[in-house]
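K.L.:
This is the structure I want to talk about, given as structure tokens.
The values are calculated or read from the model by the stated rules, or taken from the named source; none is laboratory data. Just so it is clear, the structure is predicted and the values come from calculations on it, not from any experiment. No Cβ is skipped: glycine too gets one built from the backbone with ideal geometry, and neighbour counts run over all protein chains shown. Remember, those area values only see protein heavy atoms, side chains included, never the ligands or the DNA or RNA. Shrake-Rupley method; radii C 1.70, N 1.55, O 1.52, S 1.80 Å.
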Amino acid sequence: MELTIDRVSKQYKNKIAVDNISMHLDKGVYGLLGANGAGKTTLMRMICGILKPTRGTITLDGLDAETEEYRSRLGYLPQDFGYYPDFTGMDFLLYMAALKGMTRIDARQRAAELLDMVALSEARKKKIKTYSGGMKQRLGIAQALLNEPELLVLDEPTAGLDPKERVRFRNLIAEIGKESIVLLSTHIVSDIEHIADCVLMMKDGQLIYNGKWDETQGDLEAFYLKQFGEEKSYA
Amino acid sequence: MHNFGILYRYELKKLLKRKLVWVTGVIILLLSVAVVVGNLPMKYYVDGVVVDTYYNMMKTDREYARQLTGRAIDHQLLDEMQEAYRNVPWNAERYTLTEEYQIYVRPYSDIWAMVCQIMSVMEIKDALSQEINENALYNRRMEWVEDFWSQVNLTEGEKAYWREKEQSLTKPFVFGYADGYWKLLSSGQWLSVLVILYAAICLSDFFSKEHALRTDQAILSSRLGKKHLYWAKIIAGISLLAVYYVLMVMVTAVAAFGLYGSDGADVMLQISMPIYSGTLRVGAAIFMMYALLCLAILLTGIFVMMLSEVLHNGIAPLAIVSGGAVASTVIGGSVQHRVLTQIYSYLPSNLLNVRCGFQPLLVPFLGRYLTLWQSAPIFWLIAAGIFLVVGKRFYQRYQIGGR
């Protein structure tokens, strides 16, 4: 299983949001770091096939990001995750499962499992509009995992989660990373330190770091702060 | 098949969960009934005093009209009518309240209305000063019809088509009571405006809301979200309108036939529209009107959904479609501009206006001529196909960026 990003760029009129990025990702957890406006979300949207690159190609085992087969192997949690206020948590997952092409029986079983996993079993019949921010975020994580994706893209997944939930989430992602490609973006350097096998760092649309990070290299947060000047991370 | 049924049910659920769909639905159904029922529940006042109810007046007129049903509008009937009208004291302040009017004249009021249209007279006194006989009446009608054909710039081929139709009309015309049908036919334009409003209100944000709620990201990155969901949404939108259409047909038909009676399906359209030259009977005309109303609501629904996706906005499609429909009820076509008039006539809210829909404008098609009502389904289906393709193209090519 390999995600290939080949010379991908995205340009908006006078601004280059992503500038000629190339990389190959195998199984594992990849932490994408970068300040606001660095191009993380744009890159992730292109990887998810909802934003077309101006140049370059993105493929998963040779399948183009535009294809239905590619999307059937993808799980995505957008940064600004939208939901239907009048749907219950269970309804929402079943709807997303149908969109992912799952059978009704598989969908019910998997939705129940995931609701349990993200601690929403008791709230499964409640309307989403009654959920707290953290509950909505957990529901978003659950929908991304429905089809047991080979490529999981998570944009700011820990936003809104309390410390206990974040720890649980990190463990979950580490487990999924053993069998899938997990790409997650965050401002929280400690999240990356704990679970990412590989660190990707973006600045001004360019990939400025791509590699493993271990303690011998020093403090990741200090390195991150150095790259981004006075900008702060929130640990 | 690709979870289409499940997706369809969820899309329908999204629509039916909205209170607006139900509240608007009930209000528009009530308005539809009101359009058909008209002033029947009201009272008729003269100088502030209740003289009768409109419902009672309708019942009296209906009884008289039923007595004349089946009679040819020939020399004998025209003589009878004129004789009756001569009994009325026209100098009375309110001659319609005189006993003579009620006894002698009222039974012929439907025939009189047709004669006045043909003879182009407004005042009864003026009409009485003329000799109204069978030949004069039908000759005058033919002159009027031919004048109108020239006014609307019919080609020689079109005139020949209508002359042929005229040849096959039974003359003298045979009178028949068909007020239930007339009421529905004359309500056609308002019914179409109301269903268009319903489609615009319920579906104007059906696609754009996915962008506003930001659910589009999860949808468009899913396996079936780009292709199958588009069709599931379209079919769900159409289903809602189709069910609503059936309800509207039922309540309007029950209201019209329940109040006015369902007799008269085979009455000639010329009894109420003497200028019409076709052979269509009122029952068939109502059938066609309802069929066109069905197509109109589906076409409008598809158009609204396309606008919703293309404009990514729920207000603009609502304003465009409802504003256009209401405007068409007050802006008429110009007889001088044949092509523009014909195009304008194909707007759903215009075509179901009897005066517009039964214009003699024809469309040549495969070596024959089609009337406006016959050709509209062809154009509407082509338009619906274009709207579907354009909407799909915008939906599938939507790029999520810059938020």
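K.L.:
Just to be sure I understand, how many residues within the stretch A:33-82 are closer than 21 Å to B:Gly401 by Cβ and either within 11 Å of another protein chain (Cβ to nearest Cβ) or outside any strand (DSSP E or B) (or both)?
P.N.:
Matching residues across the stretch A:33-82 total 34.
K.L.:
Looking only at the stretch A:83-113, how many residues end up being crowded, with 23+ Cβ neighbours inside 10 Å and more than 9 Å from chain B (Cβ to nearest Cβ)?
P.N.:
4
K.L.:
So, one more: Take the conditions free of Cβ contacts under 8 Å to residues at least 40 places away in the same chain and open to solvent by 40 Å² or more (accessible area, probe 1.4 Å) and apply them to B:Gln399. Does it pass? Steps first, please.
P.N.:
Values: free of Cβ contacts under 8 Å to residues at least 40 places away in the same chain: yes; open to solvent by 40 Å² or more (accessible area, probe 1.4 Å): yes.
Against the criterion (free of Cβ contacts under 8 Å to residues at least 40 places away in the same chain and open to solvent by 40 Å² or more (accessible area, probe 1.4 Å)), B:Gln399 qualifies.
K.L.:
Failed condition for A:Glu2, given (1) of a type in the set (D, E, K, R); (2) farther than 14 Å from B:Ser221 by Cα; (3) modelled with pLDDT of 95 or more, with all others met?
P.N.:
(3)
K.L.:
Here is a list: B:Tyr138, B:Tyr161. Which entry is over 22 Å from B:Leu352 (Cα atoms), in contact with a Lys or Arg (Cβ under 8 Å, 6 or more places away or on another chain) and outside the structural domain of B:Leu280 (by TED's automatic domain parsing)?
P.N.:
B:Tyr138
K.L.:
Then there is this: Please name all residue pairs, on different chains or six or more residues apart, with Cβ atoms under 6 Å, provided the first residue is in the stretch B:1-26 and is within 12 Å of chain A (Cβ to nearest Cβ) and the second residue is open to solvent by 40 Å² or more (accessible area, probe 1.4 Å).
P.N.:
Pairs that qualify, where the first residue is within 12 Å of chain A (Cβ to nearest Cβ) and the partner is open to solvent by 40 Å² or more (accessible area, probe 1.4 Å), are B:Tyr8/B:Ile235; B:Lys17/A:Asp86.
K.L.:
Tell me, which helices (runs of 4 or more DSSP H) lie completely within the stretch B:297-403 with 2 or more residues that are within 14 Å of chain A (Cβ to nearest Cβ) and in contact with a helix residue (DSSP H, G or I) (Cβ under 8 Å, 6 or more places away or on another chain)?
P.N.:
Details: elements: B:315-330, B:338-345, B:348-351, B:354-357, B:372-396.
Output list reads B:372-396.
K.L.:
Same structure, new question: Identify, from the list A:Ala144, A:Ala196, A:Ala174, the residue that is within 14 Å of chain B (Cβ to nearest Cβ) and touching a strand residue (DSSP E or B) at 6+ places or on another chain (Cβ under 8 Å).
P.N.:
Details: A:Ala196 fails: within 14 Å of chain B (Cβ to nearest Cβ); A:Ala174 fails: within 14 Å of chain B (Cβ to nearest Cβ).
Every option except A:Ala144 fails the conditions.
K.L.:
Looking at (1) over 20 Å from the mean Cα position of the chain (by Cα); (2) open to solvent by less than 10 Å² (accessible area, probe 1.4 Å), which one does A:Thr130 not meet, given that it meets all the others?
P.N.:
The number of the failed condition is (2).
K.L.:
Restricting attention to the stretch A:133-155, which residues are buried (at least 22 other Cβ atoms within 10 Å of the Cβ) and among the small types (Gly, Ala, Ser)?
P.N.:
Answer for the stretch A:133-155, where residues must be buried (at least 22 other Cβ atoms within 10 Å of the Cβ) and among the small types (Gly, Ala, Ser): A:Gly140, A:Ala142, A:Ala144.
K.L.:
Looking at A:Asp219, A:Asp162, A:Asp197, can you tell me which residue is open to solvent by 20 Å² or more (accessible area, probe 1.4 Å) and in contact (Cβ under 8 Å) with a residue 60 or more places away in the chain? Steps first, answer last, please.
P.N.:
Numbers: A:Asp219 fails: in contact (Cβ under 8 Å) with a residue 60 or more places away in the chain; A:Asp162 fails: in contact (Cβ under 8 Å) with a residue 60 or more places away in the chain.
Within the list A:Asp219, A:Asp162, A:Asp197, the selection yields A:Asp197.
K.L.:
Another question, then. Exactly one of these conditions fails for A:Gly89: (1) assigned by TED's automatic domain parsing to the domain that holds A:Lys129; (2) farther than 30 Å from A:Arg124 by Cβ. Give me its number.
P.N.:
Tallying (1) assigned by TED's automatic domain parsing to the domain that holds A:Lys129; (2) farther than 30 Å from A:Arg124 by Cβ, A:Gly89 fails exactly one: (2).
K.L.:
Do we find a residue being in a helix (DSSP H, G or I), within 30 Å of B:Thr24 (Cα to Cα) and in contact with a Ser or Thr (Cβ under 6 Å, 6 or more places away or on another chain) anywhere in the stretch B:162-183?
P.N.:
Taking the stretch B:162-183 and keeping what is in a helix (DSSP H, G or I), we get B:162-167, B:179-183.
Those left that are additionally within 30 Å of B:Thr24 (Cα to Cα): B:179-183.
Filter once more, so that each one left must be in contact with a Ser or Thr (Cβ under 6 Å, 6 or more places away or on another chain): B:180, B:182.
Looking through the stretch B:162-183, at least one residue is in a helix (DSSP H, G or I), within 30 Å of B:Thr24 (Cα to Cα) and in contact with a Ser or Thr (Cβ under 6 Å, 6 or more places away or on another chain).
K.L.:
Looking only at the stretch B:268-301, count every residue that is open to solvent by less than 10 Å² (accessible area, probe 1.4 Å) and either acidic (Asp, Glu) or farther than 18 Å from B:Trp373 by Cβ (or both) and tell me the total.
P.N.:
2
K.L.:
On to the next question. Of all residues in the stretch A:30-67, count the ones that are out of contact with any Ser or Thr (no Cβ under 8 Å at 6 or more places or on another chain), of a type outside the set (S, T, N, Q) and under 22 Å from A:Lys203 (Cβ atoms).
P.N.:
Qualifying residue count, the stretch A:30-67: 9.
K.L.:
Among the listed residues B:Val88, B:Val50, which satisfies the condition of being out of contact with any His (no Cβ under 8 Å at 6 or more places or on another chain), of a type in the set (A, V, I, L, M), open to solvent by less than 60 Å² (accessible area, probe 1.4 Å) and on the phi < 0 side of the Ramachandran plot?
P.N.:
On the way: B:Val50 fails: open to solvent by less than 60 Å² (accessible area, probe 1.4 Å).
Result of the check over B:Val88, B:Val50: B:Val88.
K.L.:
For the stretch A:44-66, name all the residues that are open to solvent by less than 40 Å² (accessible area, probe 1.4 Å) and within 23 Å of B:His211 (Cα to Cα).
P.N.:
A:Met44, A:Arg45, A:Met46, A:Ile47, A:Cys48, A:Gly49, A:Ile50, A:Leu51, A:Pro53, A:Ala65
K.L.:
Can we say B:Tyr198 is more than 13 Å from chain A (Cβ to nearest Cβ), in contact with a Leu (Cβ under 8 Å, 6 or more places away or on another chain) and over 30 Å from B:Ala136 (Cβ atoms)? Full working, then the answer.
P.N.:
Details: more than 13 Å from chain A (Cβ to nearest Cβ): yes; in contact with a Leu (Cβ under 8 Å, 6 or more places away or on another chain): yes; over 30 Å from B:Ala136 (Cβ atoms): yes.
Criteria met by B:Tyr198.
K.L.:
Among the numbered conditions (1) open to solvent by 10 Å² or more (accessible area, probe 1.4 Å); (2) assigned by TED's automatic domain parsing to the domain that holds B:Ser32; (3) under 30 Å from B:Ser277 (Cβ atoms), tell me where B:Lys209 comes up short.
P.N.:
Going through the list (1) open to solvent by 10 Å² or more (accessible area, probe 1.4 Å); (2) assigned by TED's automatic domain parsing to the domain that holds B:Ser32; (3) under 30 Å from B:Ser277 (Cβ atoms), B:Lys209 breaks only (3).
K.L.:
Would you call A:Ile16 modelled with pLDDT of 95 or more and either surrounded by 16 or more Cβ atoms within 10 Å (Cβ to Cβ) or away from chain B (no Cβ under 11 Å) (or both)? I'd like the intermediate steps shown before the answer.
P.N.:
Numbers: modelled with pLDDT of 95 or more: no; either surrounded by 16 or more Cβ atoms within 10 Å (Cβ to Cβ) or away from chain B (no Cβ under 11 Å) (or both): yes.
Taking the combined requirement at face value, the residue does not satisfy it.
K.L.:
Quick one: what pairs do we get from the stretch A:115-133, first residue outside any loop (DSSP other than H, G, I, E, B), second open to solvent by 90 Å² or more (accessible area, probe 1.4 Å), C-beta under 8 Å, 6+ apart or different chains?
P.N.:
A:Leu115/A:Arg124
K.L.:
Which one of these is part of a helix (DSSP H, G or I), within 26 Å of B:Asp61 (Cβ to Cβ), touching a residue at least 40 places away in the same chain (Cβ under 8 Å) and open to solvent by less than 30 Å² (accessible area, probe 1.4 Å): B:Ala199, B:Ala232, B:Ala236, B:Ala255?
P.N.:
Among B:Ala199, B:Ala232, B:Ala236, B:Ala255, only B:Ala255 is part of a helix (DSSP H, G or I), within 26 Å of B:Asp61 (Cβ to Cβ), touching a residue at least 40 places away in the same chain (Cβ under 8 Å) and open to solvent by less than 30 Å² (accessible area, probe 1.4 Å).
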